[in-house]
Amino acid sequence: MDCIFCQIAAGRVPTEILYQDEEVIAFRDINPQAPVHLLIIPRRHIPSLAHLSEGESSLIGHMASAANRLAKSEGVSEKGYRLTVNCGEWGGQLVPHLHMHLIGGRKLSGKLG
Ligand code: 5GP
Ligand code: ZN
């Protein structure tokens, strides 16, 4: 198991878990791009959004709902925040385990790519 996010999900890398349930976990990004920068990941290894089958699409809703909850607990819900899923090389995905970035705590640029 050489996937870093699988290792975090398995509790093999000391990481503060901010939210967890049977399907997803959330923790802080090691290299934050804003005052609040969390990662929401499925426990199960799915390499990217492109690998998610149609029957599994409810997982994204589940991740977004965890993000919504975390945005409230991190105090960024009212001002606003950004959820990002990078997919594949050209999408800027570096860690090949599906994840959602929750970024907030400052006014973000309008630039997306
Ligand atoms: P990507 O570019 O794949 O969408 O984002 C991967 C994110 O994972 C990056 O923002 C990077 O800082 C973060 N990251 C990479 N390795 C680790 C790690 O070991 N622990 C944590 N907490 N974040 C990581
Ligand atoms: Zn993994």
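Throughout, read-outs are computed from the coordinates displayed, never taken from laboratory work. Given the structure is predicted, the values throughout are model-derived calculations rather than measurements. Note: ideal-geometry Cβ built from the backbone for every residue, glycine included; neighbour counts use all protein chains shown.
So which residues in the range 35-51 are touching a residue at least 40 places away in the same chain (Cβ under 8 Å) and more than 16 Å from residue 73 (Cβ to Cβ), if there are any at all?
Once the filter is applied, which keeps residues that are touching a residue at least 40 places away in the same chain (Cβ under 8 Å) and more than 16 Å from residue 73 (Cβ to Cβ), the range 35-51 yields 41, 42, 45, 46, 47, 48, 49, 51.
Being within 13 Å of ligand 1 (Cβ to nearest atom) and in a strand (DSSP E or B) narrows it down to one residue among 18, 94; which is it?
Result of the check over 18, 94: 18.
Condition first: surrounded by 15 or more Cβ atoms within 10 Å (Cβ to Cβ), among the small types (Gly, Ala, Ser) and farther than 23 Å from residue 1 by Cβ. Can you find one or more residues in the range 32-47 that meet it?
yes
Scan the range 41-59 and give yes if some residue there is more than 16 Å from ligand 1 (Cβ to nearest atom), assigned to a loop (DSSP other than H, G, I, E, B) and among the basic types (Lys, Arg), otherwise no.
Looking through the range 41-59, at least one residue is more than 16 Å from ligand 1 (Cβ to nearest atom), assigned to a loop (DSSP other than H, G, I, E, B) and among the basic types (Lys, Arg).
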